[in-house]
Structures are given as structure tokens and as C-alpha cells.
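Chemist: Quick one: the structure is below, questions incoming.
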Amino acid sequence: QVQLVESGGGLVQPGGSLRLSCLVSRNIFRINVMGWYRQPPGEQRELVARFTSSGSTNYADSVKGRFTISRDNSKNTVYLQMNSLKPEDTAVYYCNAVILTTNYWGQGTQVTVSS
């Protein structure tokens, strides 16, 4: 069983920054598809950013230029650096890993952008 644990969420003012971390319970060197999703209040879960099977990255249009996904294989951790945060970024953020054909999810971390 693979476990993903997110951390780093919280309350931040508009224009501020946060860095989310996702610690995976196994070596992530061979996990190609990993990413971050979010679920705003009353809405469906949506892709924020991810590493694809080809080694590239995808970003939602709404976060391009503001968010950056990265990974440290030595720490089994994936990060999401979020800058210039807006109130519409408020959501529960989930880490995702695809291993073979199975999707694994973390429990989520709340990000609230408000003054």
C-alpha cells in the first residue's frame, strides 16, 4: 500500500506564497506520473500541476506562471510552490501518484487565501 501525506497548507493573504509537500511512503524514482489536484468548495476536483509519463509537466491555465511543481526523489517528496496566491486558489489540495494503473491520493491539505 502506498501512502501520500500532504503538508504545508494554511491561511495566507492574497499575493502571498505557500509551498506544499507530498511525502510518499515508497521510492518515487520510478513513479513518472505524479501531481497536484485541488477541490474548491462546492466544485469538482481539478488538475493543478503534474509530471507526465513523458517527463514533462502540465499546469492548469489558471496557475501558469504562478505555481511550480518539483520533486526530490532522494526525499520521496513532490512539492508545489504557489506564488501570487489569489482568493480563487482556495481549495483542498491533493497529491496524486499513478503506479501502473492505480491512482493513489493523499488526504488533502486546506489552502485558504483571504485577507
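Chemist: Figure the gain on full extension for residue 101 and residue 60 (residue separation times 0.36 nm, minus the Cα-Cα span) and round it to one decimal in nm.
Modeler: 12.5 nm
Chemist: So, in Å, what gap is there between the alpha-carbon centers of segment 63-99 and segment 4-49?
Modeler: Distance between centres, Cα-based: 4 Å.
Chemist: On average, how much accessible surface per residue is there in the chain, in Å², for a 1.4 Å probe, leaving out ligands, DNA and RNA?
Modeler: With the other protein chains kept in place, the chain gives 54 Å² per residue.
Chemist: Which three lengths, in whole Å and largest first, does the chain cover when its Cα atoms are put on their principal axes?
Modeler: 41, 27, 25
Chemist: Hey, any idea what % of the chain's accessible area is carbon plus sulfur with a 1.4 Å probe?
Modeler: 46 percent
The values are calculated or read from the model by the stated rules, or taken from the named source; none is laboratory data. The structure presented is a predicted model; accordingly, all values stated were derived computationally and were not measured. Protein only, heavy atoms only, side chains kept; ligands, DNA and RNA dropped before computing areas. Shrake-Rupley method; radii C 1.70, N 1.55, O 1.52, S 1.80 Å.
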